[in-house]
Amino acid sequence: MTTPVLVTEGSILYYVSLNLPESLKTPVLLLHALHGEINRIPVTCSDPGVARIKLEWWREELHRMRNQQAARHPLTQASQSFANIRPIDTRTLEVIIDETEQRIMPPDLRTRDDWRAFIDAGPALPWHSTAALLDTGQAATRDCVSNLIRAASWTECLQDFGLQARRGQCYFPDESLRDFGLQKNDVLAEPGSDKVAALLRNEYGQLVQQLEHNDHSLPRQDRRSQLPFLVLGRLSLALCREILRMPRPDPTCRTALTPLRRSWITWRTRLTNR
């Protein structure tokens, strides 16, 4: 069996994984890879019926994993081969499939609580599962890490804002849109408008404040054990700051830090939290 590539060198996940304990690295990367494979189904399938058929295939694959039958996908085959180290939580995979099916159609996010539930069960889910493996048991640490994960995941979602709008998707809750005199149809029709630019700038500004606050609030005694999430938060923070230096956020393209800068931020974070 050919071992699948689990992480792209230079990606945020790559730098976070450098700080994971060796015993957790492969299971965590497998979980993120499986999440990415399943989560992209609604994006790559324009026909909702085809997307549901593909998700049903993954449900069958999950059933095979639970019954210790031979897996068919390279990622689930790899999961079975590493089961003696730390098995992939099949309940987490079931949640990933269920939540992905919910996103075949555009989500109806009316309140900020709806938005928070969408982020936690969607893009942030593999990160939350990773955090559970590193849990120190301290409530303050769990809260800070959860907030760092949520902010970093939302930063990544905002990077795909223009692509989502072209597909008729808007992940802003109605409450946030109303603060800027917008409705979802306004965002979908004119994602490059001045009002939408002001909305995006406000979101990135709030993310900077949240990421800084939760970084500083992480208890000192737990900073070393939670180093992967400090790296995640600081990489996201640097990206948000970079976008805010622009005259206005450009929803038509992604902004990315260079690999050299990501490497520098990772090294500096490790050095200051040894």
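The values are calculated or read from the model by the stated rules, or taken from the named source; none is laboratory data. This structure is a prediction, so every number in the text was calculated from the model and none was measured. As a convention, Cβ positions derive from the backbone with ideal geometry for all residues, glycine included, and neighbour counts pool all protein chains shown. Note: areas computed on protein heavy atoms with side chains; ligands, DNA, RNA excluded. Shrake-Rupley method; radii C 1.70, N 1.55, O 1.52, S 1.80 Å.
How high is the relative contact order of the stretch 141-246, given as a whole-number percent (alpha carbon pairs under 8 Å, six or more residues apart)? Before the final figure, lay out the partial values.
Working: 83 pairs, mean separation 44.1, N = 106.
Relative contact order here is 42 percent.
Here the stretch 34-189 exposes an accessible surface that is 47 percent carbon and sulfur, computed with a 1.4 Å probe and the other protein chains kept in place. Bridgeable lysines around Lys195 (alpha carbons under 17 Å apart, same-chain partners fewer than 8 residues away excluded): Lys184. Taking the Cα-to-Cβ direction at Arg59 and at Ser263 and moving 7 Å from each Cα, how far apart do the two end points lie in nm? Inter-label distance under the simple model: 4.6 nm. Working from label points 7 Å from Cα in the Cα-to-Cβ sense, the Ala140 to Glu37 distance is 4.1 nm.
Take the Cα of Gln206, step 7 Å toward its Cβ, do the same at Arg112, and the gap between the two points is 0.6 nm.
Cut-off 10 angstrom, C-alpha nodes, Gaussian network model of the chain. Which of Arg66, Arg224, Arg166 fluctuates the most? Highest fluctuation of the listed residues: Arg66.
Note the direction-averaged projected area, equal to a quarter of the hull surface, for the Cα convex hull of the chain, in nm².
Values: hull surface 59.3 nm².
Mean shadow area of the hull around the Cα atoms is 14.8 nm².
A straight chain from Glu190 to Leu133 at 0.36 nm per residue would run longer than the Cα-Cα distance by 16.3 nm.
The alpha carbon convex hull volume per residue for the stretch 155-209 rounds to 70 Å³. Using the Cβ-Cβ distance between Ser81 and Cys253 with R0 = 41 Å, the FRET efficiency computed as 1/(1 + (r/R0)^6) comes to roughly 0.60. Relative to the compact-globule estimate of 2.2 N^0.38 Å, the Cα radius of gyration of the stretch 107-192 comes out at 1.24.
With all distinct Cα pairs included, what does the Kirkwood hydrodynamic radius of the stretch 22-163 come out to in Å, to one decimal, could you say?
Numbers: mean 1/r = 0.0617 Å⁻¹.
Final number for the Kirkwood radius of the stretch 22-163 is 16.2 Å.
Taken about its Cα centre, the stretch 124-248 carries a charge dipole of roughly 280 debye when the Cβ of each Lys and Arg holds +1 and the Cβ of each Asp and Glu holds -1. Averaged per residue, the stretch 20-122 has 52 square angstrom of accessible surface, using a 1.4 angstrom probe with ligands and nucleic acids left out. Out of every Cα-Cα pair that the stretch 2-51 contains, those further apart than 17 angstrom amount to 45 percent.
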